[in-house]
1. Of all residues in segment 236-272, count the ones that are part of a loop (DSSP other than H, G, I, E, B) and at pLDDT 90 or above.
2. Which residues, taken from segment 112-154, are of a type in the set (Val, Ile, Thr) and in contact with a helix residue (DSSP H, G or I) (Cβ under 7 Å, 6 or more places away or on another chain)?
3. Can you pull out the residues in segment 111-132 that are surrounded by 20 or more Cβ atoms within 10 Å (Cβ to Cβ) and of a type in the set (Gly, Ala, Ser)?
4. Of the residues that make up segment 279-286, is at least one at pLDDT below 95 and of a type in the set (S, T, N, Q)?
5. Could you say whether any residue in segment 148-156 is crowded, with 19+ Cβ neighbours inside 10 Å, modelled with pLDDT of 90 or more, assigned by TED's automatic domain parsing to the domain that holds LYS211 and under 28 Å from the mean Cα position of the chain (by Cα)?
6. Are there any pairs with C-beta distances below 6 angstrom linking a residue in segment 214-228 that is in a helix (DSSP H, G or I) to a residue that is buried (at least 16 other Cβ atoms within 10 Å of the Cβ), with the two at least 6 apart or on different chains, and if so which?
7. Given the conditions (1) touching a helix residue (DSSP H, G or I) at 6+ places or on another chain (Cβ under 8 Å); (2) modelled with pLDDT of 60 or more; (3) not acidic (Asp, Glu), and given that ILE72 satisfies all but one, which numbered condition is not satisfied?
Amino acid sequence: MIFRRPPSGNFFSALAEFATNRLHCRNRLCYNVHDKLKGKTYRTRTTCWPRKTFSRKRRRLIMSKRRAFTLIELLVVIAIIALLLSILMPALRAVKDQAKKTVCMAHVQGLVLAVRMYVDDYDGKTHNSPNNGLWDNAHMNPSVVKDYGPNDSLAYWGIAYFPYSKNKKIFRCPGTKRVDDWPEWGSPWGLPAQQYFRYCSYGINGYITNKKIDLDFKRHSEVIAFQDHIEQKLDDNGDMFHIRPGESMNLPQWRNGGTLGNFPEAIQECFRHRGTCVTVWLDGHVTEIEETTGEDVPRRWYTGEPD
């Protein structure tokens, strides 16, 4: 290591010093570092290496070695990324599911509002909803597809209330994967039958149909209007969440061994939001019912009658 004092501020002396350094180091690669001391005093630290030590080829080789990753380093990076993904993906999936549930809650609130407007126009009475889930006759493969009317036997109950919602999408829950699609109808036009049941994610409580709800139900906050379900109309034949007399659990129609047990995902579809069922009540408030076998669900939630 060589230490030289830099010039004291004179331009020409600085130039002479620079020339001296270059003559001294013309065959070397030199690095000068000026450290400021007290006042205007400087100290120069000069480190020199022979120029041949760092030839162009050698420098390229060193730089290439610095830029490259070893296989072990790459594997470590990949392992870290995989670990981070395994931690983040469940959280991201939960956020996505929560967003779907929020949309679902907004949809069912809109449905109750549509029912209230319908009731105001029809002498306080709800529609006598059919027990089906179709919006049109496309499944019959006609030459001209026609929309069903609200009183058609194959119509979805939502058709009667659609003029008051003006949005078909609110009849579909974004978390829906399967509905009661009557598979015996086959797949006309090469499309799955579920294609024709796209907007029928919610089951209506059959006890509130064809009723004057303000007269027939005293406590609207304790009567279910609609809820997530695989079925379109709940008519208390083993499709409601309470336990019927003589049975050990709810939903016997859809559980294994039931009359419709050929849909193994039916129970999951009823509780499609991470094990909960979005339910809207006659007064418009929305709650979630956790997956249950029925012990904690009273029948009066559907009938509105005292237990």
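1. Step one: filter segment 236-272 for residues part of a loop (DSSP other than H, G, I, E, B), giving 236-265, 271-272.
The next check asks that each one be at pLDDT 90 or above; those that pass are 236-252, 271-272.
The total comes to 19.
2. We begin by selecting, within segment 112-154, every residue of a type in the set (Val, Ile, Thr); these are 112, 115, 119, 126, 144-145.
Selection gives VAL115, VAL119, THR126, VAL145.
3. Within segment 111-132, ALA114, SER129 qualify.
4. Looking through segment 279-286, none of the residues is at pLDDT below 95 and of a type in the set (S, T, N, Q).
5. Among the residues of segment 148-156, at least one is crowded, with 19+ Cβ neighbours inside 10 Å, modelled with pLDDT of 90 or more, assigned by TED's automatic domain parsing to the domain that holds LYS211 and under 28 Å from the mean Cα position of the chain (by Cα), which makes the answer yes.
6. Sorted first by the residue in segment 214-228, then by its partner, the pairs are HIS220/LEU282; SER221/TRP281.
7. (1)
Residues are listed down the side, and each one gets a yes or a no for (1) assigned to a helix (DSSP H, G or I); (2) aliphatic (A, V, I, L, M):
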residue	(1), (2)
ASP97	yes, no
LYS100	yes, no
CYS104	yes, no
HIS107	yes, no
LEU111	yes, yes
ALA114	yes, yes
ASP123	no, no
HIS127	no, no
PRO130	no, no
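The values are calculated or read from the model by the stated rules, or taken from the named source; none is laboratory data. Quick caveat: nothing in here was measured; it's all calculated off a predicted structure. Cβ coordinates were reconstructed from backbone atoms using ideal geometry, including for glycine residues, and neighbour counts include every protein chain displayed.
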